[in-house]
Every structure is written in structure tokens, then in C-alpha cells.
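Read through the structure below, which is laid out as C-alpha cells, and then see the notes.
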Amino acid sequence: MKTAREHFGSRLAVILAMAGSAIGLGNIWRFPYLAGQNGGAAFIIVYIVAMLVLALPIFIAESIIGRRSGCDTFGAMRKLAPGSKWRWLGLLTVITPMILLGYYSVVGGWSVDYFFKACAFRFDGNTEGLFGSFISSTWEPLFTHSVFIVVTAAIILLGVKKGIELFTKITMPLLFVLIVFLVVYSITLPGAFKGVEYLVKPDFSKVDINVVATAMGQAFFSLSLGVGTILTYASYVSKKENLLVSAGGTAFFDLLFALLAGFAVMPAVFAAGIQPGEGAGLVFDTLPFIFGQMHSVLGGVVAILFFLAILVAALTSSISLLEVGVAFLVERGYSRTKATIGLAFLTWGIGIVCSLSFGPLAGVKILDLSIFDFLDKLCSNWLMPLGGLLFTVFVGWKMSKADVRDEFTNGGTRNVRVFEFVYFLMRYLAPVGIVVVFLTNLLM
Ligand code: PFF
């Protein structure tokens, strides 16, 4: 016999869990380095537009499907469009998060490593070359990647309420306080002003279709869209909650954290004389520099707390990725334990290959990219927007408008006026926008 599905306990719990999924390495690690590679302020503006016009409507679309069906992605398609080809979308959105978790857990492992290093007070102002030699070594990153996967799986085994909900409630506020502290510290470093300028003075000559595609991909990555995570979490949301509030609240906090991370990192990048476009290592090179500059026990303690917070942010995201696959398998009759352990092994394997692509497998290239970069690009620039596109087309064109309205307005009691506008975004603007970016990116 099936047991009743669990629900998040309160509105705050919903927003915190969704924000927990959204706010992660995407904000703290990926956003600053993408901004650094793609023109700073100009990228941020394109990113904000992509977030509002493309990502937010899709967040709402996924929430509607999730809560309406009360199922995992695959089950949702079967329930809302029985016997149709839409089940393939359900499958796509189970596969993408597993690939994503594979390489995400590698970066999660980097944060584990840096947390350990912080605890050993290794950031003493002499950290040049530390990151490069770490990721290109074979065993150390593999070990910390494994630790990260094990912790992710352990939280998932505890279940939705005791695991995900409790964990995010405690840790997200801590992350916020620390990041604000770092922003203040970073912008007051000597030479930091250039970094601030870089983030607020746009140079639109840097913006091309590649930058737009990257900004769109980042918006999807950051809001955890197109992979069924938001759909699965929304299936745990009670019928009384307001979906617009949870979507808007999550997007707001997600953007806030990304911008704060940008302002914590970029001024320090300029102060340290590091190149803003250096790529994936940016944050891991810059933050130890900041902590080293503090030259005191304070610096050491802040480093410990900060890497702990990054780690936690990464975990609240990785558990949401694993939960998609686990929910899928549990719905197909597997026990939660078996599903979790099986998928943990799968993603661990993918992660091993990704991790080695910084060292022994550095020579292996796919379309000129390392294995890690290829999977990252495949997921965020293609598979996630594709999943998002199909979700919003599903809500806009496959579900009946009456059902969508009913779910959006909680049976006609809320947000009735904004509904038409958001429906327009979900039905026309978001799908057309994504297709245009896809096509131009393919053709140019
Ligand atoms: N949004 C997460 C981050 O910014 O780190 C990454 C992520 C989590 C993407 C969950 C997708 C997902 F389903």
C-alpha cells in the first residue's frame, strides 16, 4: 500500500526549500566567474532580463505541473497527459539532473576540501597556485567528491521533512549573514573599487548571442529549472499555498545571493590582481586571498564559516537534484533506500570522470571542451532550457486553461488579475524567447 505523500510544513518551509535548491554553487561559484568572462555589468543586466522574462514564468509553470499532479516528473506527465509522448519529457528531466549532479558534486567536493583547508588555517596570504595544483591532482578531489556524494545521499535518506526542510531552515540565514559580511570586507580592500565599477558600468559591446545564451543558461541553472526539481518540490506543496509567492520569493532571494556573491568576489579579484575571466577557479582563487588579507584569527574563522556556508548551499542544491531521481524511482516501486544508494553510485561515477578531466583526463576533449566543461554546457545551455521550454509549452498549450487558472489562483481565490499576464508569458513569450536563443546560438 502506498503511504500518503509528505508535505512541507509551512509557507516559509516551501520558500526556504525552493530557495535552498536554487541558491547554491550556481550563485556563489558559477555566477561570479560567468560575469567575469562575459563582460561584468552588461552580463548582469542580460541575466536579470532572462531571469524575469524566461526563467520566472517557467518556474511558475513547473510549480503548476508539480502541485497539480502531486507526482514526480515522469508520473506528472503520465497523470496530466496519459498515454502521450509527454512521458519522454518526464524521462529527460530525470536524466538531466543526474548528469548535472555528477559534475556539481565535483565542485561540491572542492568546497569540502576548502572547508577542511580553512579548518587547518591554510589561507595565510600565500595561496597562489593552490587551487590549480589541487584540482589537477588525482586523489584529493576524488576523495572530497566522494564525501560530498555520501553526505547528499545521507540527507535524502532522512526524508523530506527531517532532512531537507530542517537543514535549509537552519543554514540559509547563516549563509546570508556571512556573504553580506564578505561584501563589506571585499569592497573596502585597497584597489577594490575597479571591481565595483566592473559590476555596475555596463559595456554592451561585449554582449553577443553567446553571452545571451550563457545568461539564459545561468538563469535556468540558478533557479534549478528544466530538470524537474521545482516540479518535484512543488508536488510537496500544500494546496493552500500561493505558488506566485513561492516563485517570486525564490527568484528574489536567488538573484540577491548571486549579486551579493558577485560583489563579494569581483572587488577582491581586482584587489588581488587576478584576471576576472579566469573561469571555474575564480572563486576558489579569490576567497582564500581575501581571508589571507585579513591576517588574523578573524580571517581564519571567517574562512571556516564561509566555506561551511558554501558547502551547505551546495548541499541544499545537490539534495534537490538527487531527490528528483529518487522520487522517480520510489514512484516506480523501489524503496527510498535502494533508490538513493543506486543513484548516488551513478552520479559518483559521472563525477569521477569529470573530476579527472582536470588532471589525468585533461587531454580528452569533446567539441573542444574538457569533459567537465562539456557536461556543464550541455546541461545548462541546452538540456535545462529545453526541459523548461517543454514544461512551459505543456502548461501553455497542453493543459486546459481552466486547470492552469485553478492551480495558479488556488481555485479563483488569489492572484486572479495577474493570471492573464503570466499565462501570456508562459504560453508565448518564454517559449519563443528560448527558441530564438537556441536557433541563433545554433546558426551563429
Ligand atoms: N540552482 C543550483 C545552484 O545554483 O547551485 C543548481 C541546481 C540545483 C540546478 C538543482 C538544478 C537543480 F535541479
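The values are calculated or read from the model by the stated rules, or taken from the named source; none is laboratory data. The structure presented is a predicted model; accordingly, all values stated were derived computationally and were not measured. Counting neighbours? That spans all protein chains shown, and the Cβs are built from the backbone with ideal geometry, glycine included. Side chains included, ligands, DNA and RNA excluded: accessible areas come from the protein's heavy atoms. Shrake-Rupley method; radii C 1.70, N 1.55, O 1.52, S 1.80 Å.
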Sequence ranges 411-424, 176-189, ranked by mean other-Cβ count within 10 angstrom, highest first: 176-189, 411-424
Gain in span if fully extended, Phe116 to Leu166, counting 0.36 nm per residue against the direct Cα distance: 15.6 nm
Two-decimal Rg/Rh across the range 203-245, once Rg and the Kirkwood Rh are taken from alpha-carbon atoms: 1.22
Isotropically averaged projected area of the range 202-298, using the convex hull of Cα atoms (one quarter of hull area), nm²: 9.5 nm²
³J(HN,Hα) computed for each position of the range 416-423 - Karplus, 6.51 cos²θ - 1.76 cosθ + 1.60, integer Hz, glycine/proline x: 4, 6, 6, 3, 4, 5, 5, 4
Sum of side-chain charges, Leu390 neighbourhood, beta-carbon under 14 Å (Lys, Arg +1; Asp, Glu -1): +3
Mean projected area (nm²) of the alpha-carbon convex hull when the range 318-428 is viewed from all directions: 10.2 nm²
Spacing of the two label points (7 Å from each Cα toward its C-beta) at Lys401 and Lys240, in nm: 3.2 nm
Loop-located trypsin sites (Lys or Arg not before Pro) in the range 165-210, at most 14 other Cβ atoms within 10 Å (DSSP): none
Base-10 log of normalised Debye intensity for the range 358-400 (one unit scatterer per alpha-carbon) at q = 0.27 Å⁻¹: -0.85
Residue-averaged [θ]222 nm for the chain, counting only DSSP H segments that reach four residues, each worth -39500 (n - 2.57): -22500 deg cm²/dmol
Net charge dipole size for the range 361-444 [Lys, Arg +1 and Asp, Glu -1 on Cβ; Debye, nearest 20]: 240 debye
Value of Rg/Rh across the chain [Cα atoms, Kirkwood radius]: 0.96
Segment Leu443-Leu12, length gained on full extension (0.36 nm per residue, minus Cα span): 150.8 nm
Most mobile listed residue (Leu91, Leu130, Leu425) in the chain, GNM with C-alpha springs under 10 Å: Leu130
Kirkwood estimate for the range 89-243, i.e. one over the average of 1/r between Cα atoms, Å: 19.5 Å
Residue-wise HN-Hα coupling along the range 139-155, computed from phi with Karplus coefficients 6.51, -1.76, 1.60 (Hz; x: Gly, Pro): 7, 4, x, 5, 5, 6, 4, 5, 4, 4, 5, 4, 5, 4, 5, 5, 5
Per residue, the convex hull volume that the Cα atoms of the range 173-246 enclose (Å³): 152 Å³
Packing-based ranking, highest mean first, of 29-38, 242-251 given that Cβ atoms within 10 Å are counted: 29-38, 242-251
Within the range 330-411, trypsin sites (Lys or Arg not before Pro) in DSSP loop having at most 11 other beta-carbon neighbours inside 10 Å: Arg332
From the C-alpha gyration tensor of the range 2-144, square roots of 5λ in Å: 36, 21, 16
Mean accessible surface per residue for the chain, computed with a 1.4 Å probe while every protein chain stays in place, in Å²: 39 Å²
Carbon plus sulfur fraction of accessible area for the range 313-381, probe 1.4 Å, in percent: 70 percent
Extension gain, Val364 back to Ala154 (0.36 nm per residue minus Cα-Cα distance, nm): 72.3 nm
Helix axis angle, 56-69 relative to the chain longest principal axis, alpha carbon, degrees: 50 degrees
